[in-house]
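Below is one structure, written out as structure tokens, with a few remarks after it.
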Amino acid sequence: MTKKKKNPVWAFFASVKLALFLLFVLAVTSIFGTIVQQNLSTEQYVQIYGPNLARLLHILNITDMYNSWWFLSLLCIFSVNLIVCSLERIPRVIQIVKKDNLTTASDRLRKMPIRKTLVLGQPLDQGVRKVAEFLAGKGWKTKQRQKDDGVLLFAQKGGWTRFGVYIVHSSILIILLGAIIGSSTFAQKILHKPDFAFKGSIMIPETQQTSYIWAFQTGKKIDLGFTLRCDFFTIEYYSNGMPKTYLSKVTVLEDGKPVPLKDGKTTHFLKVNKPLTYRGITFYQSSYQPYPDFIVTVTNTATGVSKTQIIPAAKQINWQEGGAEFGILNKESFGESVQRIKIWFTDRQGAPSTFWLNNAQEAIIKRPSAEYRMTVKQLYATGLQVTKDPGVLFVYTGCGMMLLGLFVAFFMSHRKIYAFIHEEDGQTKVLFAGSAHKNKVGFEKTFTGLVDGFREKIG
């Protein structure tokens, strides 16, 4: 009888060699995606790699590799390969798990590597009952069948653990599905909904707000569906002028009103590695930009009138409501950071006040007409990377399943126990035999302990 020939397409995708090849290609391409920084501007790539290599990187989509059509195609082919490989082998596993082990011949039991024979000083039927009761007491629920030469008892544990590797396969598929769903390429070219999944950035100056971001690569505007305001930005520097740490204080606005976040507060402090997530959109603190302008806050303590305004240096501001005029005469900087600002201030009575003020320091200005509080701070813009990834839940679920599958595949096994009770040379004997498809050393210890326990019980 000739073996039925497989469909060549099915055989191709069922190949383990194909899976290994795809894993190798994905690993190599991922190295390129790690070495080449993703989603920079064209000018930055030209500056780093030169015009020719930068053009080649753009042509091959290396600059946004994980959203490129060819990388997603590799993931799809690998997914099909994984599905077909699993479907090819699962029926055989089901057959093994559902196999009628009570058909096993006694001669085969005598040839098993793990076996032990004991003599029972009692009739066969009593011996069968004692063995069954003992195994049940140890958690091995047995089935039995009458044989021509005796009675065979069989029990098994962990048959489902043979599916551990397929739990891992399923987890990989779920992770890949999450990666595809969270891809901006999938959102734009398949769903035709750019706001379904995206990666982009935005630069928000202090006191300003935005309801959109700019997508990486395409540079298209994407509406957020709400407004994000940068209330405050602060930065600390090392003694050599290099930035040490920085953070932004932001507020989410809906219909112009602040929205309480998870902690009940309406403001959130964005730090590196401490993002903000709202309506599935995550904001990461990634950069900043200093400006030559300043945020000036002045309060007339007598009337309570206050004013906050962004002003450039060397410009006179007329504050009629507060009855004062002021401006910035000079500044002292260290690198990109302004250290001190020279202020000119008058209430139009007497000589103007001129003084130096540290950046973001509050000053009390006593004038003939009133007393004023004044704070001058260098203006910064916070740079945020913005991501919407609806596939992240799939990725987390897949990772959890993978850990479970790996634990089952490596640390658990399908174990079988046979007990053949028969009469031989005028004595009733029991032949214990067992097998495990993994961790045979550990199973042999369990088997030996089980047999020794039964020997002690029968004396």
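The values are calculated or read from the model by the stated rules, or taken from the named source; none is laboratory data. Keep in mind it's a predicted model, so treat the numbers as computed, not measured. Heads up, the Cβs are rebuilt from the backbone with ideal geometry, glycines too, and the neighbour counts pull from every protein chain shown.
Which residue, of 304, 350, 323, is modelled with pLDDT under 95, more than 39 Å from the chain's Cα centre (by Cα) and surrounded by 14 or more Cβ atoms within 10 Å (Cβ to Cβ)? Write out each step before concluding.
Working: 304 fails: surrounded by 14 or more Cβ atoms within 10 Å (Cβ to Cβ); 350 fails: surrounded by 14 or more Cβ atoms within 10 Å (Cβ to Cβ).
Exactly one residue qualifies, and that residue is 323.
Free of Cβ contacts under 8 Å to residues at least 40 places away in the same chain and in the same structural domain as residue 307 (by TED's automatic domain parsing) - does that describe any residue in region 366-387? Please lay out each step first, then the result.
Looking only at region 366-387, we keep the residues that are free of Cβ contacts under 8 Å to residues at least 40 places away in the same chain, and these are 366, 368.
Subset that is in the same structural domain as residue 307 (by TED's automatic domain parsing): 366, 368.
For region 366-387, residues free of Cβ contacts under 8 Å to residues at least 40 places away in the same chain and in the same structural domain as residue 307 (by TED's automatic domain parsing): present.
If residue 391 passes every condition in (1) modelled with pLDDT under 95; (2) farther than 30 Å from residue 198 by Cα but one, which one does it miss?
Result: residue 391 fails condition (2) only.
Any residue in region 257-279 that's farther than 16 Å from residue 247 by Cβ: show its pairings with residues that are modelled with pLDDT of 90 or more and not in a strand (DSSP E or B) at Cβ separation under 9 Å, as long as the two are six or more apart or on different chains.
Partner pairs satisfying both residue conditions: 266/259; 266/260; 278/259.
Can you say whether residue 124 is in contact with a Lys or Arg (Cβ under 8 Å, 6 or more places away or on another chain) and either in contact (Cβ under 8 Å) with a residue 12 or more places away in the chain or of a type in the set (Ser, Thr, Tyr) (or both), as far as the supplied structure shows? Before the answer, list the steps.
Values: in contact with a Lys or Arg (Cβ under 8 Å, 6 or more places away or on another chain): no; either in contact (Cβ under 8 Å) with a residue 12 or more places away in the chain or of a type in the set (Ser, Thr, Tyr) (or both): yes.
Spelling it out, it is not the case that residue 124 is in contact with a Lys or Arg (Cβ under 8 Å, 6 or more places away or on another chain) and either in contact (Cβ under 8 Å) with a residue 12 or more places away in the chain or of a type in the set (Ser, Thr, Tyr) (or both).
State whether the residues of region 366-379 include one that is of a type in the set (Asp, Glu), surrounded by fewer than 14 Cβ atoms within 10 Å (Cβ to Cβ), in contact with a Ser or Thr (Cβ under 9 Å, 6 or more places away or on another chain) and farther than 30 Å from residue 165 by Cα. Give the steps one after another, and end with the answer.
Just the residues of region 366-379 that are of a type in the set (Asp, Glu), to begin with: 371.
In the following step, the residues that additionally are surrounded by fewer than 14 Cβ atoms within 10 Å (Cβ to Cβ) were identified as 371.
Narrowing further to those that are in contact with a Ser or Thr (Cβ under 9 Å, 6 or more places away or on another chain): 371.
If we keep only those that are farther than 30 Å from residue 165 by Cα as well, we get 371.
There is at least one residue in region 366-379 that is of a type in the set (Asp, Glu), surrounded by fewer than 14 Cβ atoms within 10 Å (Cβ to Cβ), in contact with a Ser or Thr (Cβ under 9 Å, 6 or more places away or on another chain) and farther than 30 Å from residue 165 by Cα.
So for region 269-278 (the condition being more than 25 Å from residue 236 (Cβ to Cβ) and outside the structural domain of residue 38 (by TED's automatic domain parsing)), does at least one residue qualify?
Of all residues in region 269-278, those more than 25 Å from residue 236 (Cβ to Cβ) come to 277-278.
Still in the list and also outside the structural domain of residue 38 (by TED's automatic domain parsing): 277-278.
Yes.
Tell me whether region 397-414 contains one or more residues that are among the small types (Gly, Ala, Ser) and more than 30 Å from residue 113 (Cα to Cα). First the steps, then the outcome.
Quick first cut of region 397-414, residues among the small types (Gly, Ala, Ser) only: 398, 400, 405, 409, 413.
After this cut, where a residue has to be more than 30 Å from residue 113 (Cα to Cα) as well, the list is 398, 400.
Scanning region 397-414 turns up at least one residue that is among the small types (Gly, Ala, Ser) and more than 30 Å from residue 113 (Cα to Cα).
Would you mind listing the helices (runs of 4 or more DSSP H) fully within region 34-143 where at least 1 residues are under 30 Å from the mean Cα position of the chain (by Cα), exposed (fewer than 14 other Cβ atoms within 10 Å of the Cβ) and aromatic (Phe, Trp, Tyr)?
Values: elements: 42-49, 51-59, 69-98, 106-111, 124-137.
It comes to 69-98.
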